[in-house]
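Colleague: Have a look at this one before I ask anything.
The values are calculated or read from the model by the stated rules, or taken from the named source; none is laboratory data. From a predicted model like this one, the values you see are computed outputs, not experimental measurements. Positions of Cβ are backbone-derived with ideal geometry, glycine not excepted, and every protein chain shown enters the neighbour counts. Note: areas computed on protein heavy atoms with side chains; ligands, DNA, RNA excluded. Shrake-Rupley method; radii C 1.70, N 1.55, O 1.52, S 1.80 Å.
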Amino acid sequence: MINKELLITTIVFFLIVNTTYYWKGKLGLFAFPAFAILVLVYFGLAIALLRQIYFAIKERLADKKSFFIIGLITIVLALTFFKPFGLINFDRLEGDNVLLAEREGAANCMTTFKLKDDFTFKEQNVCFGVTEVSGKYHLQNDTIYFDNVELGRHENEFYKFAVIKPSKFDNSKILGDLIRYKDLTDTVGHELWITKNELNKLQDKKPNR
């Protein structure tokens, strides 16, 4: 691989890794194969780095351009190792979380649900793939209603509303249960375990519609 191709590959890899937040939830079942490809590219760049160092030493550091590509690959690999999901916390930039809830299901599947202080929500499901559902919400008495829902890949419907109930578990980390319902006829609902609840911060705020 010539230096130009290696340079482009390194830059593209860095950009893809650092925008993971925005694309991982749109791939669905293809998310894990995409991550596997990124891992292969990472090790491929590591091998390419060793080759560049070898040839630079062999040529007695005569090619000054090799210093740049060696330095660039080293920085990208190091940053990716310590920050595998990117340098910027885009989730924090989108607002503070006023409610966090999660639940681990069968086969280590994990559902994570977040309510933001700007009256938006996001749910991420990691189960043989990654899917995300997002939208807005509003509070009415003790009920959370979901609005303008954007379904993720392989998702057909979402819950209409949710209520918070006391936890069934004697666990200081679980602050309550978030029960979500498809509609008024849904008597079972879907339960998530609340790990953060600061909805009281929204008492003087109103959603922008």
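Colleague: Past the 26 Å Cα-Cα mark, which pairs from Lys24/Lys168; Lys160/Lys201; Lys26/Lys205?
Modeller: Cα-Cα > 26 Å for Lys24/Lys168; Lys26/Lys205; rest within.
Colleague: Classify the range 142-209 as rounded, prolate or oblate from the Cα gyration tensor: take a ≥ b ≥ c as the square roots of its eigenvalues, call it rounded if a/c is under 1.5, otherwise prolate when a/b beats b/c and oblate if not.
Modeller: oblate
Colleague: What do you get for GluC sites (Glu not before Pro) in the range 139-209 restricted to DSSP loop and a cutoff of at most 14 other Cβ within 10 Å of the site's Cβ?
Modeller: Glu157, Glu198
Colleague: Per-residue ellipticity at 222 nm for the chain, helices alone: DSSP H runs ≥ 4 residues times -39500 (n - 2.57), over residue total, nearest 500 deg cm²/dmol?
Modeller: -10500 deg cm²/dmol
Colleague: According to the square roots a ≥ b ≥ c of the eigenvalues of the Cα gyration tensor, what is the shape class of the range 79-209, taking rounded for a/c under 1.5, prolate for a/b larger than b/c otherwise, and oblate for the remainder?
Modeller: Rounded shape, in that the Cα axes give a/c under 1.5.
Colleague: Kindly report the accessible area of the range 1-122 per residue (heavy atoms of protein chains, probe 1.4 Å, no ligands, DNA or RNA), in Å².
Modeller: 63
Colleague: Quick check: the distance between the Cα centres of the range 106-132 and the range 8-76, to the nearest angstrom?
Modeller: When both Cα centres are located, 29 Å separates them.
Colleague: Which FRET efficiency value, to the nearest 0.05, is calculated for Val12 and Phe128 with the Förster distance at 35 angstrom and r the Cβ-Cβ distance?
Modeller: Calculated value: 0.85.
Colleague: From Cα pairs below 8 angstrom and at least 6 apart in sequence, can you work out the relative contact order of the chain, rounded to a whole percent?
Modeller: 18
Colleague: Set the Förster distance to 35 Å, then compute FRET efficiency between Leu29 and Ile75 from the Cβ-Cβ distance, nearest 0.05.
Modeller: Taking R0 as 35 Å, the efficiency between Leu29 and Ile75 is 0.60.
Colleague: Go ahead and set up a Gaussian network model of the chain, Cα springs under 10 Å, then flag whichever of Lys160, Lys58, Lys114 fluctuates most.
Modeller: Answer for the Gaussian network model of the chain: Lys58.
Colleague: While we're looking at this one, here's another question. Of the heavy-atom accessible surface of the chain (probe 1.4 angstrom), what whole percent is carbon and sulfur?
Modeller: 60
Colleague: What shape does the range 83-151 have by the C-alpha gyration tensor, where a ≥ b ≥ c are the square roots of the eigenvalues, rounded means a/c under 1.5, and otherwise prolate means a/b greater than b/c and oblate the rest?
Modeller: Judged from the Cα gyration tensor, the range 83-151 comes out oblate (a/c at least 1.5, b/c at or above a/b).
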